[in-house]
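Working notes for the structure below.
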């Protein structure tokens, strides 16, 4: 558990990283480095998006599955690594 | 009806107000004043009201009470009587209502002070006053009643009842939960072949599930803290985290900006400035703040399956006694991320490490305690998946050599420790060695092995270097199992040995190079027990040497002064073809070529792994020519440098004290030399790192047959 904390702290200090959120598959955040309001917002919205993306991938080819999702916007980049039970979301500002 | 209730309510209010009053006497004068004012205002009001009443008898009045009052006059009277009776029973004289709801604007400011006046007045309500009050004619009537007005107020303390009404809780459920359920339901539908069956179920199911979801949402949000902690400690979460964080770090480290616009912007420094013409250029540095600090890199190995992966083992960190003593980190060359891909621990310092050649997931480590440990990168744990027992059947001395030899189907792990014991293991079962052998020379003294090398494609014969400075050939099986011949030449412990393993038209597998504490690197042929050539360009202990895997005449050597030398036998045997000194001059402990022959990894005594690119020097230009040249160069007999020439070179390079040191030789001489070197450093000699010079062999246990071992 301490390793998890240590790792999160290390990533948080990397350049450009704005926040890290760990969410369960239902969209409930269990660990976050952002404030509560943003966390809940991100968690809810991203969970829906991941579901949608997963369905898209699966529908095109049922043998396929979603492994990584990267949303690039004008101001930042949201990277989502979904798993069966959890998602790891990292928000980064890559031009920093 | 409501009139009466309004009356009672207002009267209740009045009563309450009165009860809160504290001091009557102080306010009497004020009250009198106010009363007079009020009387005037009331008279005016009453006049106005009467006028209005006459005007708007039939039409709809502004106030409900007025309209009510007109047709229900008789009723009102009746009600008034009742209220009077009520009030009398309570014992309060009638007072006008505190909140005149339908008072016309001009009269409003007047009504407020009238209330106050009314509140505070206890005795002294002038009898017979006609009161003008818009709102409540009944009350006015009461007030005008002289009997009631003259009655004094009896006040007494009464308890205050405070009632708190909590704000009404609005329970809302977000409708978001419906969407994923609908999606999931549709997924199930797709998967189900019978579409009819799920269809009717879908309708009640989403509702049920929605209800469940809503119900679920409420409890998790309450239990979130505990549940969160539980989840974060669960095994599955750790597995998920371990895998995902690796991927995420690689993604984070990629900083290529796909939107970069070359027009109209300042061009940043372009990456990849190729230093044309330089042979050895710095590529990158692997160092981990937590796990590499204050540890010496004891061994390096490149992965045979994935040429970008490299494992480095570290000994213990004296500054962090609670951290595990032995650490092995797997670094990745392909990505820019600066943290290791895998971190492995074990309880004892790891002194040798290697990827298991035929098992891509396994990393083998030999430790200072004699245990062999096996790490598996498939599990998310950092501790070894398997380890050998600490028993007499296995090793009890530090294991400096681990090597997997054989073929895919028949392979063994060969390990040799410093007490001369060689064990052969199967990677599936490390609980006991398959076979073990004592490496004894002449059936008398066991050999204290410090390094070992197998020639290419040979599983039986190998060469070992020992602490006394002798090199031996040995074989595992056969009639001459054990130590074969001895090669004498070095005057200090042999630190590194490497067999020629470049595959080409001419077989050079009988050649090997060794490095030693006597500042030299020697080239040998297995057929002769005297060295073919001795490379003496170094001014400090040479800690490791390795042939290039692709170039037949190239090898790398590292020494304690931070120098990495590349020797090309085709060009010059007196000086290295390329040489570079590391920043800060740490003692370099290990050198390993990448399988491609284009990169060299160097481990130093401060936990850093330096990766250098080998330029044109490392490439196979005109391969046959290189091989021919190599043949020529290696057939030359020993060097013809005179002692004088040697001395001169050394003096020019290192300093005056070196010549005196050079005179002495042998292991004892080495000790003395070392001591002198330290003294010289203390007096401000050339910069040299403070970590022990015996980086790899810290705390080596000398075998019993060595009578006076040099003292560190």
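Fully extending the segment from residue B:579 to residue B:438, taken as 0.36 nm per residue of separation minus the present Cα-Cα distance, adds 46.8 nm. When chain A is treated as a GNM, springs tying every alpha-carbon pair under 10 Å, which of A:58, A:31, A:70 comes out with the largest mean-square fluctuation? With Cα springs under 10 Å in chain A, the top fluctuation among A:58, A:31, A:70 is at A:58.
Using the Cβ-Cβ distance between residue B:257 and residue A:38 with R0 = 30 Å, the FRET efficiency computed as 1/(1 + (r/R0)^6) comes to roughly 0.75.
Between residue B:429 and residue B:480, the contour length at 0.36 nm per residue exceeds the Cα-Cα span by 15.6 nm.
Modelled spin labels at residue B:409 and residue B:393, positioned 7 Å past Cα toward Cβ, are 2.8 nm from each other. Remark: B:337, B:522 ranked as B:337, B:522, counting other beta-carbon atoms within 10 Å and listing the fewest first.
Between residue A:52 and residue A:72, the distance separating the two model label sites (each 7 Å from Cα on the Cα→Cβ line) works out to 2.0 nm. Label zone (residue A:84, point 7 Å along Cα-to-C-beta; backbone nitrogen cut-off 13 Å) within region B:228-264: B:236-237, B:239-240. Compute the FRET efficiency between residue B:30 and residue B:170 as 1/(1 + (r/R0)^6), taking r as their Cβ-Cβ distance and R0 = 41 Å, and round to the nearest 0.05. That gives a FRET efficiency of 0.30. Using Cα-only point scatterers and the Debye equation, what is log10 of I(q)/I(0) for region A:16-92 at each q in 0.18 Å⁻¹, rounded to two decimals? Taken in order of the listed q values, log10 I(q)/I(0) reads -0.68. If R0 is taken as 25 Å, the Cβ-Cβ distance between residue B:386 and residue B:458 corresponds to a FRET efficiency of 0.40.
Using the Cα gyration tensor of region B:444-487, with a ≥ b ≥ c the square roots of its eigenvalues, what is the shape: rounded (a/c below 1.5), prolate (a/b larger than b/c) or oblate (neither)?
Here region B:444-487 falls in the oblate category.
Residue separation of residue B:445 and residue B:378 scaled by 0.36 nm, minus their Cα-Cα distance, works out to 19.8 nm of gained length.
Sorting A:67, B:520, B:298, B:367 from the fewest to the most surrounding beta carbons within 10 angstrom yields A:67, B:520, B:367, B:298. When each of B:164, B:376 is scored by the number of other beta-carbon atoms lying within 10 Å, the sequence from fewest to most is B:164, B:376. Spin-label pair residue B:305-residue B:336: with each label point 7 Å from Cα along the Cα-Cβ axis, the two points sit 2.9 nm from one another.
Read-outs: derived from the displayed coordinates by stated rules, not from any lab. On a predicted model such as this, the values are computed, not experimentally measured, just so you know. Don't worry about glycine lacking a Cβ; one is built from the backbone with ideal geometry, like all the others, and counts go over all protein chains shown.
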